[in-house]
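K.L.:
I'd like to ask some things about the structure below.
The values are calculated or read from the model by the stated rules, or taken from the named source; none is laboratory data. Quantities reported herein were computed from a predicted structural model and do not represent experimental measurements. No Cβ is skipped: glycine too gets one built from the backbone with ideal geometry, and neighbour counts run over all protein chains shown. In case anyone asks, the SASA skips ligands and DNA or RNA and just uses the protein heavy atoms, side chains included. Shrake-Rupley method; radii C 1.70, N 1.55, O 1.52, S 1.80 Å.
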Amino acid sequence: MPTATDTQEEPLITELTWQEAKAKAQAMELEIAALIPKDTVVSIDQKKKGVLLSCNKTQHKWKGSTTITVKDGTKIESIVKDIEAHYRANGLKVSADTDVDGKLLVQFDPPAPGENYLVGGGVKPGEIWIDSGSPCFTLPEGTYPGGDF
(Lines give C-alpha, C1' and ligand atoms only; values in the text may rest on other atoms or scores of the structure.)
Protein backbone atom coordinates (compact mmCIF):
# COMPACT_ATOMS: atom_id res chain seq x y z
CA MET A 1 0.00 0.00 0.00
CA PRO A 2 1.51 3.41 -0.93
CA THR A 3 2.42 5.74 1.92
CA ALA A 4 2.03 9.52 2.01
CA THR A 5 5.72 9.74 1.10
CA ASP A 6 5.20 7.54 -1.95
CA THR A 7 2.34 9.71 -3.23
CA GLN A 8 3.96 12.99 -2.06
CA GLU A 9 0.79 13.89 -0.16
CA GLU A 10 0.69 15.07 3.41
CA PRO A 11 -0.69 12.51 5.84
CA LEU A 12 -4.12 13.36 7.20
CA ILE A 13 -4.43 14.08 10.89
CA THR A 14 -7.56 12.03 11.51
CA GLU A 15 -7.16 11.74 15.27
CA LEU A 16 -7.46 15.52 15.80
CA THR A 17 -10.79 16.63 17.36
CA TRP A 18 -12.38 19.92 16.34
CA GLN A 19 -11.59 21.24 19.84
CA GLU A 20 -7.90 20.36 19.45
CA ALA A 21 -7.82 21.86 15.95
CA LYS A 22 -9.41 25.07 17.25
CA ALA A 23 -6.94 25.23 20.17
CA LYS A 24 -4.00 24.76 17.76
CA ALA A 25 -5.21 27.54 15.44
CA GLN A 26 -5.89 29.92 18.33
CA ALA A 27 -2.48 29.22 19.87
CA MET A 28 -0.87 30.06 16.53
CA GLU A 29 -2.88 33.30 16.31
CA LEU A 30 -1.40 34.30 19.68
CA GLU A 31 2.09 33.20 18.59
CA ILE A 32 1.78 35.55 15.61
CA ALA A 33 0.42 38.35 17.82
CA ALA A 34 3.43 37.92 20.12
CA LEU A 35 5.68 38.92 17.18
CA ILE A 36 4.16 42.41 17.19
CA PRO A 37 6.32 44.79 19.24
CA LYS A 38 4.79 44.96 22.73
CA ASP A 39 5.22 48.73 22.95
CA THR A 40 2.86 49.18 19.96
CA VAL A 41 0.03 46.89 21.13
CA VAL A 42 -3.08 48.52 22.61
CA SER A 43 -5.27 45.39 22.72
CA ILE A 44 -5.60 41.84 21.41
CA ASP A 45 -9.11 40.59 20.62
CA GLN A 46 -9.18 36.87 19.89
CA LYS A 47 -12.61 35.68 18.81
CA LYS A 48 -13.88 32.94 21.10
CA LYS A 49 -15.90 31.27 18.34
CA GLY A 50 -15.30 30.46 14.69
CA VAL A 51 -16.87 28.39 11.95
CA LEU A 52 -16.11 25.12 10.23
CA LEU A 53 -15.25 25.00 6.53
CA SER A 54 -14.87 21.91 4.37
CA CYS A 55 -11.39 20.64 3.57
CA ASN A 56 -12.73 17.81 1.41
CA LYS A 57 -15.73 15.45 1.33
CA THR A 58 -15.04 14.03 4.78
CA GLN A 59 -13.01 16.64 6.68
CA HIS A 60 -13.34 20.16 7.99
CA LYS A 61 -11.14 22.90 9.42
CA TRP A 62 -11.85 25.48 12.06
CA LYS A 63 -11.63 29.14 10.95
CA GLY A 64 -11.15 31.99 13.40
CA SER A 65 -9.48 35.35 13.83
CA THR A 66 -7.69 37.75 16.13
CA THR A 67 -7.53 41.53 15.79
CA ILE A 68 -4.67 43.49 17.33
CA THR A 69 -5.17 47.22 17.86
CA VAL A 70 -1.91 49.16 17.75
CA LYS A 71 -0.94 52.68 18.80
CA ASP A 72 -1.45 55.57 16.39
CA GLY A 73 1.50 55.99 14.07
CA THR A 74 2.51 52.32 14.15
CA LYS A 75 3.93 51.18 10.82
CA ILE A 76 1.64 48.20 10.24
CA GLU A 77 3.15 47.18 6.89
CA SER A 78 6.59 47.04 8.47
CA ILE A 79 5.30 44.75 11.22
CA VAL A 80 3.55 42.50 8.67
CA LYS A 81 6.82 42.30 6.69
CA ASP A 82 8.68 41.32 9.88
CA ILE A 83 6.13 38.56 10.53
CA GLU A 84 6.55 37.40 6.92
CA ALA A 85 10.35 37.28 7.32
CA HIS A 86 10.03 35.37 10.61
CA TYR A 87 7.98 32.56 9.07
CA ARG A 88 10.09 32.45 5.89
CA ALA A 89 13.18 32.01 8.10
CA ASN A 90 11.39 29.17 9.90
CA GLY A 91 10.87 27.29 6.64
CA LEU A 92 7.14 27.72 6.16
CA LYS A 93 5.59 28.23 2.74
CA VAL A 94 4.91 31.99 2.64
CA SER A 95 3.25 34.19 0.04
CA ALA A 96 2.67 37.93 0.05
CA ASP A 97 0.13 39.93 -1.89
CA THR A 98 -2.10 42.95 -1.39
CA ASP A 99 -5.73 42.90 -0.36
CA VAL A 100 -8.53 44.81 -2.11
CA ASP A 101 -7.53 47.98 -0.23
CA GLY A 102 -3.89 47.69 -1.35
CA LYS A 103 -2.65 46.61 2.10
CA LEU A 104 0.06 43.96 2.39
CA LEU A 105 -1.42 40.53 3.11
CA VAL A 106 0.86 37.62 4.04
CA GLN A 107 -0.21 33.99 4.05
CA PHE A 108 1.77 31.12 5.46
CA ASP A 109 0.98 27.45 5.34
CA PRO A 110 2.36 25.01 7.91
CA PRO A 111 2.71 21.44 6.59
CA ALA A 112 -0.55 20.10 8.11
CA PRO A 113 -3.30 19.76 5.47
CA GLY A 114 -5.70 22.71 5.57
CA GLU A 115 -3.72 24.73 8.09
CA ASN A 116 -3.05 28.33 7.04
CA TYR A 117 -2.79 31.84 8.44
CA LEU A 118 -3.31 35.28 6.93
CA VAL A 119 -1.83 38.44 8.45
CA GLY A 120 -2.43 41.99 7.28
CA GLY A 121 -3.84 45.39 8.07
CA GLY A 122 -7.26 45.26 9.69
CA VAL A 123 -10.56 46.67 8.53
CA LYS A 124 -10.02 49.83 10.59
CA PRO A 125 -6.85 51.94 10.66
CA GLY A 126 -4.56 50.92 13.51
CA GLU A 127 -5.45 47.24 13.35
CA ILE A 128 -3.55 44.10 12.42
CA TRP A 129 -5.73 41.17 11.50
CA ILE A 130 -4.85 37.47 11.84
CA ASP A 131 -7.09 34.90 10.19
CA SER A 132 -6.52 31.25 11.01
CA GLY A 133 -7.41 27.90 9.53
CA SER A 134 -6.73 24.78 11.55
CA PRO A 135 -5.42 21.47 10.27
CA CYS A 136 -8.14 19.31 8.73
CA PHE A 137 -10.01 16.89 10.98
CA THR A 138 -12.95 14.51 10.85
CA LEU A 139 -16.06 15.43 12.82
CA PRO A 140 -17.70 12.74 14.93
CA GLU A 141 -20.51 11.03 13.05
CA GLY A 142 -23.77 12.93 13.39
CA THR A 143 -22.14 16.29 14.20
CA TYR A 144 -23.65 19.08 12.11
CA PRO A 145 -20.86 21.38 10.88
CA GLY A 146 -23.02 24.53 10.75
CA GLY A 147 -23.13 27.27 13.37
CA ASP A 148 -20.46 28.53 15.72
CA PHE A 149 -17.67 26.36 17.07
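K.L.:
I need the shape label for the stretch 89-134. Rule: rounded when a/c is under 1.5, else prolate if a/b > b/c, else oblate, with a, b, c from the alpha carbon gyration tensor.
P.N.:
prolate
K.L.:
Next question. Go through (i) 37; (ii) 22; (iii) 33 and flag the label whose value is the computed percent of Cα pairs over 25 Å apart for this structure.
P.N.:
Matching the structure shown: (iii).
K.L.:
In debye, nearest 20, what is the charge dipole magnitude of the stretch 25-149 about its Cα centre with +1 on Lys and Arg Cβ and -1 on Asp and Glu Cβ, if you could check?
P.N.:
Working: 14 positive and 17 negative charges, 30 e Å.
The calculated dipole for the stretch 25-149 is roughly 140 debye.
K.L.:
Something else now. Rounded to the nearest percent, how much of the accessible area of the chain (1.4 Å probe, protein heavy atoms only) is carbon and sulfur?
P.N.:
Of all accessible area on the chain, carbon and sulfur atoms account for 54 percent.
K.L.:
Give me the 1.4 Å probe accessible area per residue for the chain, excluding ligands and nucleic acids, in Å².
P.N.:
On the way: 8700 Å² over 149 residues.
Each residue of the chain exposes 58 Å² on average to a 1.4 Å probe.
K.L.:
Show which aspartates and glutamates lie in cross-link reach of K124 when reach means a straight Cα distance below 18 angstrom and same-chain residues fewer than eight apart are skipped.
P.N.:
Of all the aspartates and glutamates, those that pass the test against K124 - Cα under 18 Å, at least 8 places apart if same chain - are D45, D72, E77, D99, D101.
K.L.:
Taking the Cβ of P140 as the centre, find all other residues whose Cβ is under 13 Å away and add up their charges (Lys, Arg: +1; Asp, Glu: -1).
P.N.:
Once positives and negatives cancel, what remains is -3.
K.L.:
Rounded to the nearest 500, what is the chain's calculated 222 nm mean residue ellipticity when only DSSP H runs of at least 4 contribute -39500 (n - 2.57) each, over all residues?
P.N.:
On the way: 3 runs with 34 residues, N = 149.
Estimated from H runs of four or more residues: -7000 deg cm²/dmol.
K.L.:
What number, in percent, do you get for the relative contact order of the chain if the mean sequence gap of Cα pairs under 8 Å and at least 6 apart is divided by its residue count?
P.N.:
31 percent
K.L.:
If you take the square roots of the eigenvalues of the alpha-carbon gyration tensor of the stretch 23-93 and sort them as a ≥ b ≥ c, do you get rounded (a/c under 1.5), prolate (a/b over b/c) or oblate?
P.N.:
Numbers: a/c = 2.80, a/b = 1.58, b/c = 1.77.
Oblate.
K.L.:
Now for a different question. Provide the per-residue ³J(HN,Hα) series for the stretch 60-69, in order, calculated from phi with Karplus coefficients 6.51, -1.76, 1.60 and θ = phi - 60°, each as a whole number of Hz, with x at glycine and proline positions.
P.N.:
Coupling constants for the stretch 60-69: 10, 9, 8, 10, x, 7, 9, 10, 10, 8 Hz.
K.L.:
To continue, here is another question. I'd like the Karplus ³J(HN,Hα) series for the stretch 116-131: coefficients 6.51, -1.76, 1.60, θ = phi - 60°, whole numbers in Hz, and an x wherever there's a Gly or Pro.
P.N.:
In residue order, the calculated couplings are 7, 9, 10, 9, x, x, x, 5, 9, x, x, 10, 10, 10, 10, 10 Hz.
K.L.:
Return the long-range amide H neighbours of L139 (sequence gap of 5 or more, or a different chain), with a cut-off of under 5 Å between placed amide H atoms.
P.N.:
Residues meeting the criterion, in which the H sits 1.01 Å from N, are H60.
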